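*Asks:* My questions all concern the structure below.
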Amino acid sequence: MTSATFGHPRPTVVLREMQDSDLPVFFGQMSDPESVRVAAFGPEDPTDRVRFDAHWARIRASDVVIRTVLADGEVAGHASVYGPPDHREVTYWVDRAHWGRGIATAALSALVALVPQRPLHARAAADNAGSIRVLEKCGFVIVGHDRGFANARGAEIDEVVLTLKD
């Protein structure tokens, strides 16, 4: 029997090393207006391909652990761990077409298994219940609240701060 989420069969989720061919897919996913609004925090102009490419060039030249998320072999997003050694944070992006299928949870779970360093930290817009639920399913707990400017909403918004300990 196949497990299902929201009426869809649960896909096989795999993380793999990022490839150059993933970038156009990521750009399309990360410039989707509804996805950008829900995520809240992101670039000033998510449709600016030059800035997108420069951002990803910096990421790839750094010590960021970045993986492409595959769902049944299709590029569904990406997940990464970044930041200084004493305050590593996780971030992930799953294409809106794949929301509600357990992909983000499976990807984040695989990522935190790949990076054994603890604690790991995360932030999410306080009204992004889906992302908070994913983080909590992966063992993160809310340890605080903050406010930050969300480019996608053009305003300062509430966010939650989460931590994953041993």
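*Asks:* Just need a number here: residues in the range 82-123 that are part of a helix (DSSP H, G or I), open to solvent by 30 Å² or more (accessible area, probe 1.4 Å) and at pLDDT below 95. Give the derivation first.
*Replies:* Applying the first criterion (part of a helix (DSSP H, G or I)) to the range 82-123 yields 96-98, 103-114.
Still in the list and also open to solvent by 30 Å² or more (accessible area, probe 1.4 Å): 96-97, 105-106, 109-110, 113-114.
Then drop every residue that is not at pLDDT below 95, which leaves 96-97.
Adding up the residues that qualify gives 2.
*Asks:* Please name all residue pairs, on different chains or six or more residues apart, with Cβ atoms under 9 Å, provided the first residue is in the range 87-101 and is within 15 Å of GLY130 (Cβ to Cβ) and the second residue is open to solvent by 30 Å² or more (accessible area, probe 1.4 Å) and among the aromatic types (Phe, Trp, Tyr).
*Replies:* Sorted first by the residue in the range 87-101, then by its partner, the pairs are THR91/TYR82; TRP99/PHE6; GLY100/PHE6; ARG101/PHE6.
*Asks:* Taking the condition within 19 Å of LEU111 (Cα to Cα) and outside any strand (DSSP E or B), does ASP63 pass?
*Replies:* Working: within 19 Å of LEU111 (Cα to Cα): yes; outside any strand (DSSP E or B): yes.
Against the criterion (within 19 Å of LEU111 (Cα to Cα) and outside any strand (DSSP E or B)), ASP63 qualifies.
*Asks:* Here's a follow-up. Checking VAL38 against (1) under 15 Å from ALA104 (Cα atoms); (2) over 14 Å from the mean Cα position of the chain (by Cα), which test does it fail?
*Replies:* Unmet for VAL38, out of (1) under 15 Å from ALA104 (Cα atoms); (2) over 14 Å from the mean Cα position of the chain (by Cα): (2).
*Asks:* Consider only pairs whose beta carbons are under 6 Å apart and that are at least six residues apart or on different chains; among these, list those whose first residue lies in the range 27-44 and is at negative phi and surrounded by 15 or more Cβ atoms within 10 Å (Cβ to Cβ) and whose second residue is of a type in the set (Ser, Thr, Tyr) and not in a helix (DSSP H, G or I).
*Replies:* SER31/THR47
*Asks:* Here's a check for you: in the range 19-43, which residue that is within 13 Å of ASP53 (Cβ to Cβ) and not in a helix (DSSP H, G or I) is modelled with the highest pLDDT? Break it down stepwise before answering.
*Replies:* Taking the range 19-43 as the starting set, the residues that turn out to be within 13 Å of ASP53 (Cβ to Cβ) are 20, 22-24, 26-27, 30-31, 43.
Still in the running and not in a helix (DSSP H, G or I): 20, 31, 43.
Values: ASP20: 94, SER31: 89, PRO43: 85.
The extreme case among them is ASP20.
*Asks:* Any idea which of (1) touching a residue at least 24 places away in the same chain (Cβ under 8 Å); (2) farther than 22 Å from PRO11 by Cα; (3) surrounded by fewer than 16 Cβ atoms within 10 Å (Cβ to Cβ) is the one ASP72 doesn't satisfy?
*Replies:* (2)
*Asks:* Now, a different point. Return the residues of the range 129-158 that are of a type outside the set (Val, Ile, Thr) and buried (at least 19 other Cβ atoms within 10 Å of the Cβ); say none if nothing qualifies. Step through it out loud before you land on a result.
*Replies:* The first filter runs over the range 129-158 and keeps only residues of a type outside the set (Val, Ile, Thr), leaving 129-131, 133, 135-140, 144-156, 158.
Within the range 129-158, SER131, LEU135, CYS138, PHE140, ALA150, ALA152 qualify.
*Asks:* If I ask for residues that are among the β-branched types (Val, Ile, Thr), within 17 Å of the chain's Cα centre (by Cα) and at pLDDT 95 or above, which ones from the range 46-79 would you list?
*Replies:* Within the range 46-79, VAL65, ILE66, THR68, VAL69, VAL75 meet the criteria.
*Asks:* Filtering the range 46-65 down to residues that are open to solvent by 50 Å² or more (accessible area, probe 1.4 Å) and touching a residue at least 24 places away in the same chain (Cβ under 8 Å), which residue is nearest to ALA152 (Cα to Cα)?
*Replies:* Per the criteria, the residue is ASP53.
The values are calculated or read from the model by the stated rules, or taken from the named source; none is laboratory data. What you see is a predicted model, and the numbers here were worked out from it, not measured in a lab. No Cβ is skipped: glycine too gets one built from the backbone with ideal geometry, and neighbour counts run over all protein chains shown. The protein model used for the area step is the full one, side chains on, heavy atoms only, and it has no ligands, DNA or RNA in it. Shrake-Rupley method; radii C 1.70, N 1.55, O 1.52, S 1.80 Å.
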